[in-house]
Amino acid sequence: MSGDVPPQPLDHDERSLLSPQFAVVMLAAFAYFIALGALLPTVPRFVRDELGGGAAQVGIGVGAYSVSAALLRPWVGRIGDTRGRRLLAVAGSCVVAVSILGYTLATSLWMLVLARLVTGAGEAAVFVGLATAAQDLAPDHRRGEAASYFSVALYGGLAVGPPLGETLVRHGFTTLWWVLGSFAGLAAVASVFIPKGKTVPAEELGHRRFLQPDALWPGLILLLGLIPFTAFAAFVPLYADEIGLSSVGGVFVLYGVLVLVIRIVGARLPDRLGWQRGSTFALCGVTLGIWLLAAWGSIGSIWVAAVALGLGMSLMYPSLFTAVMAAAPEEERSHAVGTFSVFFDLSQGFGATFIGLVISLTSGNDRAGFAAAGALAFGGLVVQILLRDRIGQSHARSRPAVPAPNVV
């Protein structure tokens, strides 16, 4: 194996994970997810107001980028294992920046979809590169803590992005796309300084399955558990207009801040609870939150649902990510992250499109779409209960825990 420096064991497994190297990873992630977060309330409005689309078209426009991202993530995972995480983060951020600038040229839905597919190609690389770099800097028994801290940057960006997007869109969509492209460019600059990570010569990897098997079942649970947030992010901005809430920027800020506080204060909760209890709490939170929004048609329901979703989502990703990292061999870590994040993309693409179709088939009833999202998340809870022994067996097959190497 090769890297920037020979692997060396950590002398202090309990030292703070928030090293300068980790801070650079978080800075790159924060800038990138500001851009991504600002797209959440603005792409639906762009499809409706500028392109004249309905609910189904909104779902397609929102979810299109996840198609290319899902197809490319396993492939870029192999690149991350052989060429390093830095390449993925830098190149991916550049691709996302260029694609967002391409939104300025979109005058019809198919043009936006093409640009969103390019965004997805860049997203596939950025997320795998940054998420794996964060894991490289943590010992095995603190994977959940590393995932929690990394997601602070992720959700920090997703908290700042939506109100920023709604503010910028008042100056026109062209201004919005240029500013967001600049944030993605900033992420590319910061990514130049992230760790390359431990790499493996391509000839040593041999033949690999397209999807890393240890990530499949946790990924399926993630897919179903994320659909309530997908429905919330894609359709609450439009639903809010119908019930008299002029801006949802504050709602997304509340959601993001709540997730951030829980992730910071309870950074070690995923490790202490274990993936089973952590994901159970998460799935119950998102299911109840989105069903509340479906049952209670008022402005207050949006705010309460944001709280419930925030509580659930604060544990969802770190808990299931911990299960994947505990099971996957170290030389397949980027491959496992790539496979796991495929299901994140599917939750966006399938989730947004499916919920949009449900709303269209129920004569524009947004609450029917929210109810359907809750049913899928409840299905995720059922899958988790039925398959937890199988995922546990995957843990039993995994290698004994060893300290993570120093990487630069």
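The values are calculated or read from the model by the stated rules, or taken from the named source; none is laboratory data. Predicted model, so just to flag it, every value in this text is computed and none were measured. Neighbour counts are summed over all protein chains in view; Cβ atoms, including those assigned to glycine, are modelled from backbone coordinates with ideal geometry.
How many of the residues in segment 343-371 are assigned to a helix (DSSP H, G or I), under 20 Å from TRP291 (Cβ atoms) and touching a residue at least 40 places away in the same chain (Cβ under 8 Å)?
First pass over segment 343-371, keeping only residues assigned to a helix (DSSP H, G or I): 343-361, 366-371.
Next, only the ones that are under 20 Å from TRP291 (Cβ atoms) stay: 347, 350-352, 354-359, 361, 366-371.
This time we only want the ones that are touching a residue at least 40 places away in the same chain (Cβ under 8 Å), so: 347, 350-352, 354-357, 359, 366-371.
Count: 15.
Can you name the residue in segment 68-113 that is charged (D, E, K, R) and either touching a Cys at 6+ places or on another chain (Cβ under 7 Å) or closer than 21 Å to PHE344 by Cα (or both) and, of all such residues, is surrounded by the fewest Cβ atoms within 10 Å (Cβ to Cβ)?
Checking each candidate, the answer is ARG78.
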Q) For VAL179, are the conditions met, namely being in a helix (DSSP H, G or I), closer than 19 Å to ALA35 by Cβ and either within 17 Å of the chain's Cα centre (by Cα) or modelled with pLDDT under 80 (or both)? A) no
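If you check ALA31, ALA23, which single one turns out to be surrounded by fewer than 18 Cβ atoms within 10 Å (Cβ to Cβ), out of contact with any strand residue (DSSP E or B) (no Cβ under 9 Å at 6 or more places or on another chain), hydrophobic (A, V, I, L, M, F, W, C) and modelled with pLDDT of 65 or more?
Checking each option against the conditions leaves just ALA23.
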Q: Report yes if some residue within segment 86-101 is assigned to a helix (DSSP H, G or I), at pLDDT below 90, charged (D, E, K, R) and closer than 25 Å to LEU320 by Cβ; otherwise report no.
A: no
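For the structure I just gave you, tell me whether TYR103 is closer than 30 Å to ILE264 by Cβ and hydroxyl-bearing (Ser, Thr, Tyr). Before the answer, list the steps.
Numbers: closer than 30 Å to ILE264 by Cβ: no; hydroxyl-bearing (Ser, Thr, Tyr): yes.
No.
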Q | Verdict on GLY274 being modelled with pLDDT under 85 and either surrounded by fewer than 24 Cβ atoms within 10 Å (Cβ to Cβ) or in a helix (DSSP H, G or I) (or both) | A | yes
**Q.** Search result, residues across segment 61-84 that are more than 20 Å from PHE210 (Cβ to Cβ) and either among the small types (Gly, Ala, Ser) or at pLDDT 85 or above (or both)
**A.** GLY61, GLY63, ALA64, GLY84
Q: Provide a single number: the residues in segment 331-360 that are crowded, with 24+ Cβ neighbours inside 10 Å, under 20 Å from GLY129 (Cα atoms) and aliphatic (A, V, I, L, M).
A: 3
